[in-house]
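Worksheet: the structure to be examined is printed underneath.
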Amino acid sequence: MAYLEPADYPNYGLPAGTTADWITAATALINSYCRRPDLNVIQYVERLRVTAGAQTVLLSYLPLMPLAPATSPLLAIEGRYTRPRRGEILLEPMNEIVWAFSLPGQWTSIDPSLVDFDPATGEVTLPWNVLGLPYNEVQVTYTAGLAAIGDDVKSACAQIVRNAQATPALNASMSRVDTLWTKYFSSSLIDETVQAWLRPYVANRLG
């Protein structure tokens with residue numbers, strides 16, 4: 001879904017005759033820069049390791065946003081206590097009990113209503129499991145994105161189009177035909193101003 005409609009063009013400094021392919025390309029660049037498939041509200045599934053001694057994880061895509069009002073953006077959560085990494089072996093006697101009852105590796109559903117979260121930062125605070133041990137791996141299914149595309153994203157989209165239209169030969173800054181060599185400056189399309197507008201929506205992790 002393009003982030004600018006034809007009716008928006010005059011409000012963001014684009015000529016009324018701007019063709020849809022410019023907007024589509026700018027939208028794709030925004031999604032690529034933000035490392036996410038879309039800025040609208042969609043569903044994500046993330047498997048995260050929990051730092052030893054902590055009960056929180058950070059989700060990658062922000063802001064957390066429900067698909068419908070009065071619902072939670074956290075759709076499903078599972079946790080498990082896996083074999084600890086080096087340096088994370090439990091020192092308590094509970095360690096032997098956990099392994100004796102085959103808890104490591106078993107996924108357990110966690111009631112999303114028992115989980116505290118911050119929609120703006122994506123921080124999720126987990127409860128303890130039934131044996132009083134912290135989970136060290138969780139899988140979270142959640143929804144995130146913008147319920148409505150705001151002025152910052154629309155302005156970024158329009159600025160990318162202007163930058164592209166002002167760039168000779170579609171972003172080629174220098175070329176030599178005799179050696180089939182071309183130098184590009186694609187970073188100029190997403191300039192510092194555009195980066196500032198999009199910063200809140202860039203995924204916290206690569207991938």
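Here is how the numbers come out for the structure above:
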| read-out | value |
| --- | --- |
| Sole residue being exposed (fewer than 13 other Cβ atoms within 10 Å of the Cβ) and aliphatic (A, V, I, L, M), chosen from 41, 57, 50, 45 | 45 |
| Hits in region 142-166 - residues which are part of a loop (DSSP other than H, G, I, E, B) and surrounded by fewer than 17 Cβ atoms within 10 Å (Cβ to Cβ) | 147, 148, 150, 166 |
| Matching option when the condition is modelled with pLDDT of 95 or more, touching a Gly at 6+ places or on another chain (Cβ under 8 Å) and under 19 Å from residue 135 (Cα atoms), among 74, 59 | 59 |
| Single match in 65, 1 (criterion: at pLDDT 95 or above, over 27 Å from residue 105 (Cα atoms) and not assigned by TED's automatic domain parsing to the domain that holds residue 195) | 65 |
| Search result, residues across region 10-38 that are surrounded by 17 or more Cβ atoms within 10 Å (Cβ to Cβ), under 20 Å from the mean Cα position of the chain (by Cα) and outside any helix (DSSP H, G or I) | 36 |
| Residue check for residue 83: over 30 Å from residue 66 (Cβ atoms), out of contact with any helix residue (DSSP H, G or I) (no Cβ under 7 Å at 6 or more places or on another chain), at pLDDT below 85 and of a type in the set (Lys, Arg) | yes |
| Matching option when the condition is more than 20 Å from residue 3 (Cα to Cα), assigned by TED's automatic domain parsing to the domain that holds residue 62, at pLDDT below 95 and outside any loop (DSSP other than H, G, I, E, B), among 138, 130 | 138 |
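The values are calculated or read from the model by the stated rules, or taken from the named source; none is laboratory data. As the structure is a prediction and not an experimental result, all values here were calculated from the model. Don't worry about glycine lacking a Cβ; one is built from the backbone with ideal geometry, like all the others, and counts go over all protein chains shown.
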